[in-house]
Amino acid sequence: MTIFRLISTGLLCLLLAASAWAAKDNTSNPVVELKTDLGPITLELFADKAPATVANFLQYCRDGFYNGTIFHRVIPGFVVQGGGLTFDFVKKETRDPVINESSNGLRNRRGTVSMARLPDPDSATSQFFINLGNNTHLDAAKDKPGYTVFGRVTSGMNVVTDITREPQGKMREQAPDLPVRILKVKILSPAS
């Protein structure tokens, strides 16, 4: 009976240690919450795969840059893009662009978050988009850079879908008639 208890206790300790290690491993990526007019969207950021991009995004979050910006480009089945324009469609002043990290092995799949950019691969600043479909044409290839995937939606994809259901086209093509704002951004982990 004593040997059985020792083995059971040892196995329990190993299971608890493994569980704690796994939990720690799963929470090592930064987590950010975007509070929007339609509800919260939570993002997990892949700092190990896109370190410069995640550092750039987190700095904008810390600076309060995204508060009051809108989702200004909404294309159902494709993307919901925001992070650069105010409620009245004025472009906000940004910091210097971040290098393109699209060859990090991450793919533009439904629910992933990527950096928007101009034709210059290293031109991404503050704007980001959430993929609504598997947008393989946005991925990097041997002969071309892609759009850097740096995170994924962990909760609130229903909110992203709700954004696509908003009537659009009166104020601006591909923009909701009543702009959907990011009201506040909160870094959940690691604590800011």
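Being over 22 Å from Phe71 (Cα atoms) and not acidic (Asp, Glu) is true for just one of Ala141, Ala124, Ala116. Which residue is that?
Values: Ala124 fails: over 22 Å from Phe71 (Cα atoms); Ala116 fails: over 22 Å from Phe71 (Cα atoms).
Among Ala141, Ala124, Ala116, only Ala141 is over 22 Å from Phe71 (Cα atoms) and not acidic (Asp, Glu).
Would you check if Asn158 is in a loop (DSSP other than H, G, I, E, B) and under 17 Å from the mean Cα position of the chain (by Cα)? Give the derivation first.
Details: in a loop (DSSP other than H, G, I, E, B): no; under 17 Å from the mean Cα position of the chain (by Cα): yes.
No.
Which of the residues belonging to segment 103-124 are buried (at least 21 other Cβ atoms within 10 Å of the Cβ), polar (S, T, N, Q) and within 24 Å of Arg62 (Cα to Cα)?
Residues satisfying the conditions are Thr112, Ser114.
Which numbered condition trips up Thr53, out of (1) in contact (Cβ under 8 Å) with a residue 60 or more places away in the chain; (2) over 14 Å from Ala116 (Cα atoms)?
Thr53 satisfies every listed condition except (2).
Suppose we keep only residues that are among the small types (Gly, Ala, Ser) and in contact with a strand residue (DSSP E or B) (Cβ under 8 Å, 6 or more places away or on another chain) within segment 56-100. Which one would you say is farthest from Ala175 (Cα to Cα)? Steps first, answer last, please.
Quick first cut of segment 56-100, residues among the small types (Gly, Ala, Ser) only: 64, 68, 77, 82-84.
After this cut, where a residue has to be in contact with a strand residue (DSSP E or B) (Cβ under 8 Å, 6 or more places away or on another chain) as well, the list is 64, 68, 82-84.
On the way: Gly64: 23, Gly68: 15, Gly82: 10, Gly83: 13, Gly84: 13 Å.
If we take residues in segment 56-100 being among the small types (Gly, Ala, Ser) and in contact with a strand residue (DSSP E or B) (Cβ under 8 Å, 6 or more places away or on another chain), then Gly64 is farthest from Ala175 (Cα to Cα).
Which numbered condition in (1) closer than 30 Å to Glu173 by Cβ; (2) modelled with pLDDT under 95 is the only one that Ala22 fails?
The failed condition is (1).
Of a type in the set (A, V, I, L, M) and more than 19 Å from Ile41 (Cα to Cα): which single residue out of Met171, Met157, Met115 fits that description? So that I can check it myself, show each step before the final result.
Numbers: Met157 fails: more than 19 Å from Ile41 (Cα to Cα); Met115 fails: more than 19 Å from Ile41 (Cα to Cα).
After ruling out the rest, the residue left standing is Met171.
Mind counting the residues in segment 126-152 that are assigned to a loop (DSSP other than H, G, I, E, B) and touching a helix residue (DSSP H, G or I) at 6+ places or on another chain (Cβ under 8 Å)? Explain how you work it out, then say what you get.
Here is the first cut: in segment 126-152, the residues assigned to a loop (DSSP other than H, G, I, E, B) are 126-127, 132-135, 139-140, 142-143, 145-148.
Of the ones still in play, those that are also touching a helix residue (DSSP H, G or I) at 6+ places or on another chain (Cβ under 8 Å) are 126, 132, 146-148.
Result for segment 126-152: 5.
Could you run through segment 66-94 and say how many residues are surrounded by 14 or more Cβ atoms within 10 Å (Cβ to Cβ) and outside any loop (DSSP other than H, G, I, E, B)?
11
Of the residues that make up segment 97-107, is at least one part of a strand (DSSP E or B), of a type outside the set (D, E, K, R), closer than 26 Å to Thr154 by Cα and free of Cβ contacts under 8 Å to residues at least 40 places away in the same chain?
Of the residues in segment 97-107, the ones part of a strand (DSSP E or B) are 98.
Right, trim to of a type outside the set (D, E, K, R) and you get 98.
The next check asks that each one be closer than 26 Å to Thr154 by Cα; those that pass are 98.
Still in the running and free of Cβ contacts under 8 Å to residues at least 40 places away in the same chain: none.
No - not one qualifying residue is present in segment 97-107.
Considering each of Asp37, Asp63 in turn, give the residue that is surrounded by fewer than 17 Cβ atoms within 10 Å (Cβ to Cβ), at negative phi and modelled with pLDDT of 95 or more. Walk me through it before giving the result.
Numbers: Asp37 fails: surrounded by fewer than 17 Cβ atoms within 10 Å (Cβ to Cβ).
One residue alone meets the criteria, Asp63.
The values are calculated or read from the model by the stated rules, or taken from the named source; none is laboratory data. What you see is a predicted model; the values in this text were computed from it and never measured. Virtual Cβ from ideal backbone geometry, glycine too; neighbours counted across all protein chains shown.
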